[in-house]
Amino acid sequence: MTTLTVLGIETSCDETAAAVVRRDAAGHVEVLSSVVGSQIAAHAPYGGVVPEIAARAHVESIDGIVAEALAEAGLGYDGLSGVAATAGPGLVGGVMVGLSFGKAVALARGLPLVAVNHLEGHAVSARLAADIPYPFLLLLVSGGHCQLLAVEGVGACKRLGSTIDDAAGEAFDKIAKTLGLPYPGGPALEKLAEGGNPEAFALPRALLGRKDFDFSFSGLKTAAARLAEGVTDETGRRDLAAAVQAAIARQLSERTDRAMAAYAQAYGSQGLRFVVAGGVAANKAVRAKLMETAQSHGFSFDAPPLAYCTDNAAMIALAGAERLALGLTDPLDAAARPRWPLDAAAAAANPTHLAGRKGAKA
Ligand code: KG4
Ligand code: ZN
(Lines give C-alpha, C1' and ligand atoms only; values in the text may rest on other atoms or scores of the structure.)
(Ligands and ions follow the chains in the order given, each with its own letter.)
Protein backbone atom coordinates (compact mmCIF):
# COMPACT_ATOMS: atom_id res chain seq x y z
CA MET A 1 0.00 0.00 0.00
CA THR A 2 1.32 3.40 -0.91
CA THR A 3 0.72 6.95 0.17
CA LEU A 4 -2.57 8.31 -1.15
CA THR A 5 -3.30 11.96 -1.93
CA VAL A 6 -7.02 12.51 -2.28
CA LEU A 7 -9.12 15.49 -3.38
CA GLY A 8 -12.33 15.68 -1.31
CA ILE A 9 -15.46 17.54 -2.42
CA GLU A 10 -18.44 18.37 -0.17
CA THR A 11 -21.68 20.04 -1.35
CA SER A 12 -24.47 18.26 0.53
CA CYS A 13 -25.85 21.28 2.38
CA ASP A 14 -24.87 24.95 2.52
CA GLU A 15 -21.08 24.73 2.44
CA THR A 16 -19.13 24.36 -0.81
CA ALA A 17 -15.94 22.68 0.33
CA ALA A 18 -12.81 21.11 -1.19
CA ALA A 19 -9.73 19.68 0.52
CA VAL A 20 -6.61 17.66 -0.17
CA VAL A 21 -5.65 14.99 2.36
CA ARG A 22 -2.61 12.72 2.32
CA ARG A 23 -2.68 9.37 4.07
CA ASP A 24 0.40 7.14 4.22
CA ALA A 25 0.59 3.36 4.35
CA ALA A 26 0.73 3.40 8.15
CA GLY A 27 -2.49 5.43 8.31
CA HIS A 28 -0.80 8.72 9.20
CA VAL A 29 -2.97 11.61 8.00
CA GLU A 30 -1.97 15.08 6.83
CA VAL A 31 -4.47 17.75 5.74
CA LEU A 32 -2.71 19.62 2.93
CA SER A 33 -5.60 22.06 2.45
CA SER A 34 -9.21 22.51 3.51
CA VAL A 35 -11.28 25.27 1.94
CA VAL A 36 -14.87 25.93 3.00
CA GLY A 37 -17.01 28.48 1.17
CA SER A 38 -20.00 29.27 3.34
CA GLN A 39 -23.37 30.27 1.88
CA ILE A 40 -24.68 31.61 5.19
CA ALA A 41 -25.21 35.12 3.80
CA ALA A 42 -27.29 33.78 0.87
CA HIS A 43 -29.65 31.83 3.15
CA ALA A 44 -29.79 34.16 6.17
CA PRO A 45 -32.72 36.28 4.87
CA TYR A 46 -34.85 33.09 4.76
CA GLY A 47 -33.90 31.85 8.26
CA GLY A 48 -32.69 28.49 6.94
CA VAL A 49 -31.20 26.70 3.96
CA VAL A 50 -33.16 27.09 0.69
CA PRO A 51 -32.29 24.03 -1.47
CA GLU A 52 -32.52 25.82 -4.85
CA ILE A 53 -30.34 28.70 -3.68
CA ALA A 54 -27.84 26.20 -2.25
CA ALA A 55 -27.58 24.20 -5.49
CA ARG A 56 -27.10 27.33 -7.59
CA ALA A 57 -24.44 28.68 -5.20
CA HIS A 58 -22.55 25.36 -5.37
CA VAL A 59 -22.54 25.54 -9.19
CA GLU A 60 -21.18 29.07 -9.08
CA SER A 61 -18.34 28.41 -6.64
CA ILE A 62 -17.26 24.76 -6.95
CA ASP A 63 -14.53 25.24 -9.57
CA GLY A 64 -12.97 28.17 -7.71
CA ILE A 65 -13.05 26.35 -4.36
CA VAL A 66 -11.41 23.22 -5.84
CA ALA A 67 -8.74 25.36 -7.55
CA GLU A 68 -8.06 27.09 -4.21
CA ALA A 69 -7.74 23.75 -2.39
CA LEU A 70 -5.26 22.43 -4.96
CA ALA A 71 -3.26 25.68 -4.94
CA GLU A 72 -3.07 25.70 -1.14
CA ALA A 73 -1.87 22.09 -1.21
CA GLY A 74 0.72 23.08 -3.84
CA LEU A 75 -0.57 20.42 -6.22
CA GLY A 76 -2.12 20.05 -9.64
CA TYR A 77 -4.56 17.32 -10.66
CA ASP A 78 -1.57 15.16 -11.63
CA GLY A 79 -0.50 15.07 -7.96
CA LEU A 80 -3.68 13.25 -6.94
CA SER A 81 -4.27 9.52 -6.39
CA GLY A 82 -8.06 9.78 -6.35
CA VAL A 83 -11.18 11.92 -6.02
CA ALA A 84 -13.74 11.57 -3.21
CA ALA A 85 -17.06 13.39 -3.46
CA THR A 86 -20.06 13.36 -1.13
CA ALA A 87 -22.83 11.35 -2.82
CA GLY A 88 -25.43 11.79 -0.04
CA PRO A 89 -27.32 12.02 2.19
CA GLY A 90 -28.27 15.67 1.79
CA LEU A 91 -29.99 18.19 -0.46
CA VAL A 92 -29.84 16.28 -3.71
CA GLY A 93 -29.42 19.31 -6.00
CA GLY A 94 -26.26 20.28 -4.16
CA VAL A 95 -24.98 16.70 -3.90
CA MET A 96 -25.31 16.36 -7.69
CA VAL A 97 -23.14 19.44 -8.24
CA GLY A 98 -20.19 18.16 -6.19
CA LEU A 99 -20.53 14.55 -7.31
CA SER A 100 -20.69 15.55 -10.99
CA PHE A 101 -17.62 17.75 -10.55
CA GLY A 102 -15.77 14.84 -8.92
CA LYS A 103 -16.80 12.48 -11.72
CA ALA A 104 -15.59 14.95 -14.34
CA VAL A 105 -12.17 15.23 -12.66
CA ALA A 106 -11.95 11.44 -12.30
CA LEU A 107 -12.88 10.88 -15.95
CA ALA A 108 -10.64 13.59 -17.37
CA ARG A 109 -7.62 12.58 -15.29
CA GLY A 110 -8.14 8.82 -15.20
CA LEU A 111 -8.40 8.86 -11.40
CA PRO A 112 -10.42 6.49 -9.22
CA LEU A 113 -13.67 7.94 -7.83
CA VAL A 114 -15.05 7.32 -4.35
CA ALA A 115 -18.71 8.26 -3.78
CA VAL A 116 -18.62 9.07 -0.07
CA ASN A 117 -21.45 8.89 2.45
CA HIS A 118 -21.41 12.29 4.19
CA LEU A 119 -22.04 10.57 7.53
CA GLU A 120 -18.99 8.35 7.01
CA GLY A 121 -17.08 11.61 6.58
CA HIS A 122 -18.29 12.85 9.97
CA ALA A 123 -17.51 9.41 11.43
CA VAL A 124 -13.82 9.66 10.44
CA SER A 125 -13.49 13.43 11.06
CA ALA A 126 -11.80 13.01 14.45
CA ARG A 127 -9.20 10.76 12.75
CA LEU A 128 -8.00 13.81 10.79
CA ALA A 129 -6.22 15.06 13.90
CA ALA A 130 -5.78 12.05 16.20
CA ASP A 131 -4.94 8.39 15.87
CA ILE A 132 -8.20 6.69 16.87
CA PRO A 133 -8.26 2.99 15.97
CA TYR A 134 -11.46 1.12 15.10
CA PRO A 135 -13.76 0.20 16.71
CA PHE A 136 -15.17 3.21 18.57
CA LEU A 137 -18.50 4.45 19.86
CA LEU A 138 -19.64 7.49 17.86
CA LEU A 139 -22.19 10.15 18.74
CA LEU A 140 -22.95 11.93 15.47
CA VAL A 141 -24.74 15.20 16.16
CA SER A 142 -25.30 17.63 13.32
CA GLY A 143 -28.04 19.69 11.72
CA GLY A 144 -29.56 16.68 9.98
CA HIS A 145 -28.50 13.76 12.14
CA CYS A 146 -28.45 12.60 15.72
CA GLN A 147 -27.36 9.02 16.22
CA LEU A 148 -25.22 6.69 18.29
CA LEU A 149 -23.20 4.17 16.27
CA ALA A 150 -20.65 1.47 16.88
CA VAL A 151 -18.08 2.15 14.16
CA GLU A 152 -16.36 -1.19 13.56
CA GLY A 153 -14.28 -0.21 10.54
CA VAL A 154 -14.43 1.41 7.11
CA GLY A 155 -18.07 1.37 6.01
CA ALA A 156 -19.04 -0.90 8.90
CA CYS A 157 -21.37 0.86 11.34
CA LYS A 158 -24.00 -0.53 13.69
CA ARG A 159 -26.67 1.95 14.72
CA LEU A 160 -27.53 1.82 18.40
CA GLY A 161 -30.04 4.65 18.45
CA SER A 162 -31.16 7.77 16.66
CA THR A 163 -33.59 10.67 17.00
CA ILE A 164 -37.30 10.01 16.65
CA ASP A 165 -37.98 13.62 15.63
CA ASP A 166 -35.48 16.48 15.28
CA ALA A 167 -31.70 16.25 15.12
CA ALA A 168 -29.80 18.02 17.93
CA GLY A 169 -28.53 20.76 15.60
CA GLU A 170 -32.04 21.22 14.23
CA ALA A 171 -33.28 21.70 17.81
CA PHE A 172 -30.56 24.30 18.43
CA ASP A 173 -31.48 26.08 15.17
CA LYS A 174 -35.25 26.08 15.73
CA ILE A 175 -35.07 27.18 19.36
CA ALA A 176 -32.54 29.88 18.44
CA LYS A 177 -35.07 31.18 15.93
CA THR A 178 -37.75 31.52 18.62
CA LEU A 179 -35.20 33.53 20.63
CA GLY A 180 -34.81 35.86 17.65
CA LEU A 181 -31.29 34.69 16.81
CA PRO A 182 -29.96 34.57 13.24
CA TYR A 183 -29.31 31.39 11.22
CA PRO A 184 -27.38 29.15 11.90
CA GLY A 185 -28.75 29.17 15.41
CA GLY A 186 -26.41 26.75 17.20
CA PRO A 187 -23.34 28.99 17.42
CA ALA A 188 -25.52 32.07 18.06
CA LEU A 189 -27.34 30.32 20.91
CA GLU A 190 -24.04 29.18 22.43
CA LYS A 191 -22.83 32.78 22.41
CA LEU A 192 -26.04 34.10 23.99
CA ALA A 193 -25.85 31.40 26.68
CA GLU A 194 -22.48 32.67 27.93
CA GLY A 195 -22.92 33.88 31.49
CA GLY A 196 -26.57 32.74 31.58
CA ASN A 197 -28.00 30.69 34.46
CA PRO A 198 -29.06 27.25 33.15
CA GLU A 199 -31.06 26.63 36.36
CA ALA A 200 -33.35 29.62 35.79
CA PHE A 201 -35.81 27.59 33.70
CA ALA A 202 -37.06 24.04 34.13
CA LEU A 203 -37.23 22.21 30.80
CA PRO A 204 -38.66 18.74 30.08
CA ARG A 205 -36.46 15.64 29.92
CA ALA A 206 -37.41 13.39 27.03
CA LEU A 207 -37.69 9.60 26.89
CA LEU A 208 -36.58 9.16 30.50
CA GLY A 209 -36.92 5.58 31.61
CA ARG A 210 -36.77 4.21 28.07
CA LYS A 211 -34.35 1.36 27.69
CA ASP A 212 -33.14 2.24 24.21
CA PHE A 213 -30.66 4.81 22.91
CA ASP A 214 -33.04 7.07 21.00
CA PHE A 215 -33.34 10.85 21.22
CA SER A 216 -36.25 13.28 21.08
CA PHE A 217 -36.14 17.06 21.05
CA SER A 218 -39.69 18.05 20.05
CA GLY A 219 -40.93 18.47 23.66
CA LEU A 220 -37.97 20.65 24.50
CA LYS A 221 -38.57 22.72 21.39
CA THR A 222 -42.23 23.35 22.27
CA ALA A 223 -41.45 24.16 25.91
CA ALA A 224 -38.65 26.54 24.94
CA ALA A 225 -40.86 28.32 22.39
CA ARG A 226 -43.55 28.86 25.04
CA LEU A 227 -41.03 30.17 27.57
CA ALA A 228 -39.43 32.44 24.95
CA GLU A 229 -42.76 34.26 24.50
CA GLY A 230 -42.69 35.35 28.15
CA VAL A 231 -39.07 36.46 28.15
CA THR A 232 -38.55 40.16 27.48
CA ASP A 233 -35.23 41.19 29.00
CA GLU A 234 -31.67 40.28 28.02
CA THR A 235 -30.97 38.38 31.26
CA GLY A 236 -34.00 36.19 30.67
CA ARG A 237 -32.95 35.45 27.10
CA ARG A 238 -29.44 34.56 28.23
CA ASP A 239 -30.77 32.29 30.99
CA LEU A 240 -33.19 30.55 28.63
CA ALA A 241 -30.41 29.97 26.07
CA ALA A 242 -28.22 28.51 28.83
CA ALA A 243 -31.06 26.28 30.03
CA VAL A 244 -31.76 25.01 26.49
CA GLN A 245 -28.09 24.30 25.85
CA ALA A 246 -27.82 22.44 29.17
CA ALA A 247 -30.97 20.41 28.40
CA ILE A 248 -29.65 19.34 24.99
CA ALA A 249 -26.23 18.48 26.46
CA ARG A 250 -27.93 16.54 29.27
CA GLN A 251 -30.02 14.43 26.90
CA LEU A 252 -27.02 13.70 24.68
CA SER A 253 -25.05 12.59 27.72
CA GLU A 254 -27.90 10.50 29.23
CA ARG A 255 -28.28 8.49 26.02
CA THR A 256 -24.54 8.20 25.53
CA ASP A 257 -24.22 6.99 29.11
CA ARG A 258 -26.61 4.09 28.35
CA ALA A 259 -24.92 3.36 25.03
CA MET A 260 -21.49 3.23 26.70
CA ALA A 261 -22.65 0.53 29.06
CA ALA A 262 -23.97 -1.56 26.15
CA TYR A 263 -20.94 -0.85 23.96
CA ALA A 264 -18.56 -1.91 26.75
CA GLN A 265 -20.32 -5.30 26.92
CA ALA A 266 -20.08 -5.91 23.17
CA TYR A 267 -16.73 -4.34 22.30
CA GLY A 268 -14.96 -3.83 25.63
CA SER A 269 -12.22 -6.34 24.85
CA GLN A 270 -11.16 -4.15 21.90
CA GLY A 271 -10.83 -0.98 23.99
CA LEU A 272 -13.20 1.74 25.11
CA ARG A 273 -13.10 4.72 22.78
CA PHE A 274 -15.72 7.44 22.36
CA VAL A 275 -15.90 10.06 19.60
CA VAL A 276 -18.39 12.93 19.20
CA ALA A 277 -18.60 14.48 15.73
CA GLY A 278 -20.80 16.79 13.63
CA GLY A 279 -21.63 20.48 13.95
CA VAL A 280 -23.05 20.21 17.48
CA ALA A 281 -19.72 18.72 18.64
CA ALA A 282 -18.42 22.29 18.29
CA ASN A 283 -20.52 23.28 21.32
CA LYS A 284 -18.35 23.63 24.43
CA ALA A 285 -21.10 22.73 26.94
CA VAL A 286 -21.93 19.60 24.92
CA ARG A 287 -18.27 18.61 24.72
CA ALA A 288 -17.71 19.14 28.45
CA LYS A 289 -20.74 17.09 29.45
CA LEU A 290 -19.80 14.21 27.14
CA MET A 291 -16.20 14.26 28.31
CA GLU A 292 -17.47 13.78 31.87
CA THR A 293 -19.68 10.89 30.73
CA ALA A 294 -16.78 9.23 28.91
CA GLN A 295 -14.52 9.58 31.94
CA SER A 296 -17.11 8.02 34.24
CA HIS A 297 -17.26 4.93 31.99
CA GLY A 298 -13.49 4.68 31.43
CA PHE A 299 -13.77 5.66 27.73
CA SER A 300 -11.22 7.81 25.93
CA PHE A 301 -12.78 11.02 24.59
CA ASP A 302 -12.14 12.57 21.18
CA ALA A 303 -13.81 15.32 19.19
CA PRO A 304 -12.54 16.77 15.91
CA PRO A 305 -10.87 20.20 15.94
CA LEU A 306 -13.65 22.82 15.60
CA ALA A 307 -13.04 23.35 11.86
CA TYR A 308 -13.74 19.65 11.22
CA CYS A 309 -16.90 19.46 13.37
CA THR A 310 -19.05 21.40 10.91
CA ASP A 311 -19.22 20.37 7.26
CA ASN A 312 -15.87 20.29 5.46
CA ALA A 313 -14.22 18.35 2.65
CA ALA A 314 -11.16 17.12 4.58
CA MET A 315 -13.35 14.50 6.29
CA ILE A 316 -14.72 13.45 2.87
CA ALA A 317 -11.19 13.16 1.46
CA LEU A 318 -10.12 11.01 4.43
CA ALA A 319 -13.18 8.74 4.16
CA GLY A 320 -12.28 8.40 0.45
CA ALA A 321 -8.62 7.67 1.22
CA GLU A 322 -9.56 4.96 3.73
CA ARG A 323 -11.76 3.32 1.09
CA LEU A 324 -9.15 3.66 -1.65
CA ALA A 325 -6.56 2.03 0.62
CA LEU A 326 -8.85 -1.02 0.74
CA GLY A 327 -9.35 -0.96 -3.04
CA LEU A 328 -12.92 0.30 -2.74
CA THR A 329 -13.94 2.60 -5.61
CA ASP A 330 -17.20 3.58 -7.29
CA PRO A 331 -18.29 3.68 -10.93
CA LEU A 332 -18.75 6.95 -12.80
CA ASP A 333 -22.52 6.41 -12.77
CA ALA A 334 -22.70 6.40 -8.95
CA ALA A 335 -25.99 8.02 -7.93
CA ALA A 336 -26.59 11.08 -5.77
CA ARG A 337 -28.71 9.92 -2.82
CA PRO A 338 -30.94 12.24 -0.74
CA ARG A 339 -31.20 9.54 1.95
CA TRP A 340 -28.43 7.09 2.71
CA PRO A 341 -28.32 5.57 6.21
CA LEU A 342 -24.93 4.44 7.53
CA ASP A 343 -26.42 1.27 8.92
CA ALA A 344 -28.82 0.27 6.14
CA ALA A 345 -29.94 -2.90 7.91
CA ALA A 346 -30.96 -1.08 11.10
CA ALA A 347 -32.68 1.69 9.15
CA ALA A 348 -34.77 -0.81 7.18
CA ALA A 349 -35.68 -2.92 10.22
CA ASN A 350 -36.56 0.00 12.46
CA PRO A 351 -37.29 3.18 10.51
CA THR A 352 -37.22 6.17 12.84
CA HIS A 353 -39.09 8.36 10.40
CA LEU A 354 -41.48 8.02 7.54
CA ALA A 355 -40.77 9.23 4.04
CA GLY A 356 -41.04 12.97 3.55
CA ARG A 357 -39.18 16.17 4.12
CA LYS A 358 -39.63 16.41 7.88
CA GLY A 359 -37.63 14.90 10.71
CA ALA A 360 -34.32 13.11 10.80
CA LYS A 361 -32.84 12.70 7.34
CA ALA A 362 -31.36 9.24 7.86
O1 KG4 B 1 -22.30 19.05 10.59
P2 KG4 B 1 -22.98 20.29 10.17
O3 KG4 B 1 -22.13 21.45 9.69
O4 KG4 B 1 -24.02 20.03 9.01
C5 KG4 B 1 -24.81 18.88 8.92
O6 KG4 B 1 -24.33 17.85 8.40
O7 KG4 B 1 -25.96 18.98 9.38
O8 KG4 B 1 -23.88 20.76 11.39
C9 KG4 B 1 -24.58 21.96 11.38
C10 KG4 B 1 -25.38 22.06 12.66
C11 KG4 B 1 -26.32 23.25 12.69
O12 KG4 B 1 -27.56 22.81 13.17
C13 KG4 B 1 -25.64 24.20 13.66
O14 KG4 B 1 -26.54 25.05 14.33
C15 KG4 B 1 -24.98 23.23 14.61
O16 KG4 B 1 -24.50 22.20 13.79
N17 KG4 B 1 -23.86 23.87 15.32
C18 KG4 B 1 -23.86 24.12 16.64
C19 KG4 B 1 -22.64 24.79 16.91
N20 KG4 B 1 -21.95 24.93 15.74
C21 KG4 B 1 -22.72 24.35 14.78
N22 KG4 B 1 -24.76 23.84 17.59
C23 KG4 B 1 -24.46 24.23 18.84
N24 KG4 B 1 -23.34 24.89 19.19
C25 KG4 B 1 -22.41 25.20 18.26
N26 KG4 B 1 -21.29 25.85 18.60
ZN1 ZN C 1 -22.64 17.30 8.07
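The values are calculated or read from the model by the stated rules, or taken from the named source; none is laboratory data. Nothing here was measured: the structure is a model prediction, and the numbers come from that model. With ideal geometry, Cβ positions are generated from the backbone for all residues, glycine too; neighbour counts draw on all protein chains shown. Only protein heavy atoms, including side chains, enter the accessible area calculation; ligands, DNA and RNA are left aside. Shrake-Rupley method; radii C 1.70, N 1.55, O 1.52, S 1.80 Å.
Rounded to two decimals, what ratio of Rg to Rh does the stretch 207-319 give with C-alpha atoms and a Kirkwood Rh?
Result: Rg/Rh = 1.04.
Relative contact order for the chain using alpha-carbon pairs under 8 Å, separation at least 6, rounded to a whole percent?
24
Work out from phi, with θ = phi - 60° and the Karplus expression 6.51 cos²θ - 1.76 cosθ + 1.60, the ³J(HN,Hα) of each residue of the stretch 267-278, listed in order in whole Hz, and give x for Gly and Pro.
Per-residue couplings from phi come out as 10, x, 5, 9, x, 10, 10, 10, 10, 10, 9, x Hz.
Shape call for the stretch 122-185 from the C-alpha gyration tensor, a ≥ b ≥ c root eigenvalues: rounded (a/c under 1.5), prolate (a/b greater than b/c) or oblate?
Oblate, because a/c is 1.5 or more while a/b does not exceed b/c.
Which far-off residues, 5 or more places away or on another chain, put their amide H under 5 Å from the one on residue 84, with H placed in the peptide plane?
7, 8, 9, 114
Could you check how much of the accessible area of the stretch 136-303 is carbon and sulfur, as a whole percent, using a 1.4 Å probe?
Numbers: 3410 of 6670 Å².
C and S atoms contribute 51 percent here.
Take every Cα-Cα pair in the stretch 183-233 and report what % of them are more than 17 Å apart.
In whole percent, the long-distance tail amounts to 53.
Could you report the stretch 1-120's accessible area per residue, 1.4 Å probe, as an integer in Å²?
That works out to 39 Å² for each residue.
So who's got an amide H within less than 5 Å of the one on residue 273, skipping anything under 5 residues away but keeping other chains? H placed 1.01 Å off N, in plane.
Close amide H contacts, sequence-distant or interchain: 137, 300.
Relative contact order (percent) for the stretch 166-253, with alpha-carbon contacts under 8 angstrom and 6 or more residues of separation?
39
Dipole size in debye (nearest 20) for the stretch 136-303 around its Cα centre, Lys and Arg Cβ +1, Asp and Glu Cβ -1?
260
Stokes-Einstein diffusion coefficient for the stretch 196-265 at 25 °C in a medium of 0.890 mPa s, Rh from the Kirkwood formula over Cα pairs: what value in µm²/s? Before the final figure, lay out each step's value.
Numbers: Rh = 13.1 Å.
Once the numbers are plugged in, D ends up at 188 µm²/s.
Compute the long axis of helix 314-325 from its Cα atoms, compare it with the longest principal axis of the Cα atoms of the chain, and write down the angle in degrees, 0 to 90, nearest 10.
50
Could you calculate, for the stretch 55-108, the ratio of the Cα radius of gyration to the Kirkwood radius, expressed as Rg to Rh?
Working: Rg = 11.5 Å, Rh = 11.8 Å.
Reported Rg/Rh (Cα atoms, Kirkwood Rh): 0.98.
Expected output is a single nm value to one decimal: the length gained when fully extending between residue 349 and residue 332, i.e. 0.36 nm times separation in residues minus the C-alpha distance. What is it?
Details: separation 17, 0.36 × 17 = 6.12 nm, distance 3.02 nm.
Length difference between fully extended and current span is 3.1 nm.
Please report how far the C-alpha centroid of the stretch 133-204 lies from that of the stretch 23-38, rounded to the nearest whole angstrom.
25
Going through the cross-link list 158/191; 158/284; 103/221; 177/284, which pairs have a Cα-Cα distance over 29 Å in this structure?
158/191; 103/221
Scan around residue 215 for amide H atoms under 5 Å from its own, H built in the peptide plane at 1.01 Å from N, and keep only partners 5 or more places away or cross-chain.
162, 163, 164
Taking a quarter of the surface of the Cα convex hull of the chain, what do you get in nm²?
Directional mean of the projected Cα hull area for the chain stands at 17.5 nm².
For the residue pair residue 100 and residue 40, what label-to-label distance in nm results when each label sits 7 Å from Cα along the Cα-to-beta-carbon direction?
2.9
How large is the helix-only mean residue ellipticity at 222 nm for the chain, computed as the sum of -39500 (n - 2.57) over DSSP H runs with n ≥ 4, divided by its residue count, in deg cm²/dmol to the nearest 500?
Details: 11 runs with 150 residues, N = 362.
So the calculated ellipticity at 222 nm is -13500 deg cm²/dmol.
If a/c stays under 1.5 just call it rounded; otherwise compare a/b with b/c (prolate if a/b is bigger, oblate if not). Do that for the stretch 44-154, with a ≥ b ≥ c from the square roots of the Cα gyration tensor eigenvalues.
Oblate, since a/c reaches 1.5 and b/c is not below a/b.
How large is the Rg to Rh ratio of the stretch 136-303 when both quantities use alpha carbon positions and Rh follows Kirkwood? Please list the in-between numbers first.
On the way: Rg = 15.9 Å, Rh = 16.1 Å.
In the stretch 136-303, Rg relative to Rh is 0.99.
How high is the relative contact order of the stretch 136-303, given as a whole-number percent (alpha carbon pairs under 8 Å, six or more residues apart)?
It rounds to 27 percent for the stretch 136-303.
What whole-number value in Å² describes the accessible area per residue of the stretch 125-190 for a 1.4 Å probe?
28
What is the gain in length, in nm to one decimal, between residue 270 and residue 301 on full extension, counting 0.36 nm per residue of separation less the C-alpha to C-alpha distance?
Once the chain is fully extended between residue 270 and residue 301, it gains 9.6 nm.
Determine which aspartates and glutamates satisfy two conditions relative to residue 211: a Cα distance under 15 Å, and not lying fewer than 8 residues away in the same chain.
254, 257
Tell me the GluC sites (Glu not before Pro) within the stretch 145-244 that lie in a loop according to DSSP and have at most 14 other beta-carbon atoms within 10 Å.
When the GluC sites (Glu not before Pro) of the stretch 145-244 are filtered for loop state and at most 14 Cβ neighbours within 10 Å, 194 remain.
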